[in-house]
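A.B. asks: Before I ask anything, let me first share the structure, which is written out below as structure tokens.
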Amino acid sequence: MEQKKTVIVTGFEPFGEHAVNASWVAVQELEKLGLGHDIKLHIAEVPVEYQAVQSLLPSLWKQQLPQLVVHVGVSGMATTVTLEQCGHNQGYMRLDNCSFCPESRCCMEGGPDCIQSVIDMDAVCKRVNSSGLGVSVSVSKDAGRYLCDYTYYMSLFLGEGRSAFVHVPPLGKPYSAEQLARALRAVILEMLELMENNKGKKPCLHNQ
């Protein structure tokens, strides 16, 4: 019998103007939907704190041995479900929920400036948008140099590119938690299929 694949999906706790964080609400809704009987879904809420992310992410990757880790965050500027292609190492000057920011302003000293996901987000976007889901999906190359970008970069580093980041709009602007969860499910299943099809083709992560 084939072993179940493990997928970790995370959302963030409330911060700033987001008294309810749409990302964590949507991820909890996704847990109700599941990803199908052959995929083990593990969800986690991530603190909006640089130091907490530094300790949480390595343990998530190590304990669960996931095929894919998808981080979901809220963006007050987003009006679509936005797939982020890459994470950035530098430019972290915004204070977190503990009023802390890294002294070095970077995620990993000496790390590459930018790490790309092994997943082609444009391909995922096209497939989901043509599926009649009723939720618009777009692609971005700038996750915002805050906890979202920081978390993504770290996960891309730990997982050798087997990670993805999805920005969602605040609840009701325009999508409900259920709609966001359905979009996340569609996006993640497409990502897994693309990864399956690309097995054996190992892209270069650092020089794009």
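A.B. asks: Against the condition in contact with a Pro (Cβ under 9 Å, 6 or more places away or on another chain), outside any loop (DSSP other than H, G, I, E, B) and within 19 Å of residue 135 (Cα to Cα), how does residue 6 come out, does it pass?
C.D. replies: Numbers: in contact with a Pro (Cβ under 9 Å, 6 or more places away or on another chain): yes; outside any loop (DSSP other than H, G, I, E, B): yes; within 19 Å of residue 135 (Cα to Cα): no.
Considered against the rule, which asks whether it is in contact with a Pro (Cβ under 9 Å, 6 or more places away or on another chain), outside any loop (DSSP other than H, G, I, E, B) and within 19 Å of residue 135 (Cα to Cα), residue 6 comes out as no.
A.B. asks: Same structure, new question: Only one of (1) open to solvent by less than 70 Å² (accessible area, probe 1.4 Å); (2) closer than 28 Å to residue 50 by Cα fails for residue 198. Which number is that?
C.D. replies: (2)
A.B. asks: From 69, 48, 53, which residue is of a type in the set (Val, Ile, Thr), at negative phi and assigned to a loop (DSSP other than H, G, I, E, B)?
C.D. replies: 48
A.B. asks: Counting only residues that are assigned to a helix (DSSP H, G or I), touching a strand residue (DSSP E or B) at 6+ places or on another chain (Cβ under 9 Å) and over 17 Å from residue 78 (Cβ atoms), how many does the stretch 11-32 have?
C.D. replies: Count: 3.
A.B. asks: Of all residues in the stretch 58-85, which are closer than 14 Å to residue 41 by Cα, crowded, with 18+ Cβ neighbours inside 10 Å and of a type in the set (S, T, N, Q)?
C.D. replies: 67
A.B. asks: Can you report the number of residues in the stretch 86-113 which are touching a residue at least 60 places away in the same chain (Cβ under 8 Å) and either open to solvent by 30 Å² or more (accessible area, probe 1.4 Å) or out of contact with any Asp or Glu (no Cβ under 9 Å at 6 or more places or on another chain) (or both)?
C.D. replies: Matching residues across the stretch 86-113 total 2.
A.B. asks: Further question on the same structure: Return the total of residues in the stretch 21-35 being surrounded by fewer than 17 Cβ atoms within 10 Å (Cβ to Cβ) and either modelled with pLDDT under 95 or touching a Lys or Arg at 6+ places or on another chain (Cβ under 9 Å) (or both).
C.D. replies: Residues of the stretch 21-35 that are surrounded by fewer than 17 Cβ atoms within 10 Å (Cβ to Cβ), as a first pass: 28, 31-34.
This time we only want the ones that are either modelled with pLDDT under 95 or touching a Lys or Arg at 6+ places or on another chain (Cβ under 9 Å) (or both), so: 33-34.
Summing the residues that are surrounded by fewer than 17 Cβ atoms within 10 Å (Cβ to Cβ) and either modelled with pLDDT under 95 or touching a Lys or Arg at 6+ places or on another chain (Cβ under 9 Å) (or both) in the stretch 21-35 gives 2.
A.B. asks: Can you tell me which residues in the stretch 126-147 are in a helix (DSSP H, G or I) and either open to solvent by 20 Å² or more (accessible area, probe 1.4 Å) or at pLDDT below 95 (or both)?
C.D. replies: 126, 127, 129
A.B. asks: Can you name the condition, by its number, that residue 151 falls short on among (1) among the polar types (S, T, N, Q); (2) under 29 Å from residue 193 (Cα atoms); (3) open to solvent by 30 Å² or more (accessible area, probe 1.4 Å)?
C.D. replies: Against the list (1) among the polar types (S, T, N, Q); (2) under 29 Å from residue 193 (Cα atoms); (3) open to solvent by 30 Å² or more (accessible area, probe 1.4 Å), residue 151 comes up short only on (3).
A.B. asks: Among (1) under 15 Å from the mean Cα position of the chain (by Cα); (2) part of a helix (DSSP H, G or I); (3) of a type outside the set (Gly, Ala, Ser), there is one condition residue 179 misses while meeting the rest; what is its number?
C.D. replies: (1)
A.B. asks: Would you mind stating whether residue 157 is open to solvent by 20 Å² or more (accessible area, probe 1.4 Å), touching a residue at least 40 places away in the same chain (Cβ under 8 Å) and at negative phi?
C.D. replies: Criteria met by residue 157.
A.B. asks: Output the residues belonging to the stretch 36-49 that are among the β-branched types (Val, Ile, Thr), open to solvent by 10 Å² or more (accessible area, probe 1.4 Å) and within 17 Å of the chain's Cα centre (by Cα).
C.D. replies: Of the stretch 36-49, the ones among the β-branched types (Val, Ile, Thr) are 39, 43, 46, 48.
When the remaining residues are screened for being open to solvent by 10 Å² or more (accessible area, probe 1.4 Å), the result is 39, 43.
The answer is 43, and nothing else.
A.B. asks: Can you report the number of residues in the stretch 29-48 which are farther than 22 Å from residue 155 by Cβ and among the hydrophobic types (A, V, I, L, M, F, W, C)?
C.D. replies: Looking only at that region, the number is 1.
A.B. asks: Being at pLDDT below 95 and closer than 23 Å to residue 157 by Cα narrows it down to one residue among 64, 3, 54, 116; which is it?
C.D. replies: Of the residues listed, the single one that is at pLDDT below 95 and closer than 23 Å to residue 157 by Cα is 64.
The values are calculated or read from the model by the stated rules, or taken from the named source; none is laboratory data. Remember, it's a predicted structure, so these values are computed and weren't measured experimentally. Positions of Cβ are generated from backbone atoms using ideal geometry, with glycine treated the same way; all protein chains shown enter the neighbour counts. Keep in mind that these areas ignore ligands, DNA and RNA; they rest on the heavy atoms of the full protein, side chains included. Shrake-Rupley method; radii C 1.70, N 1.55, O 1.52, S 1.80 Å.
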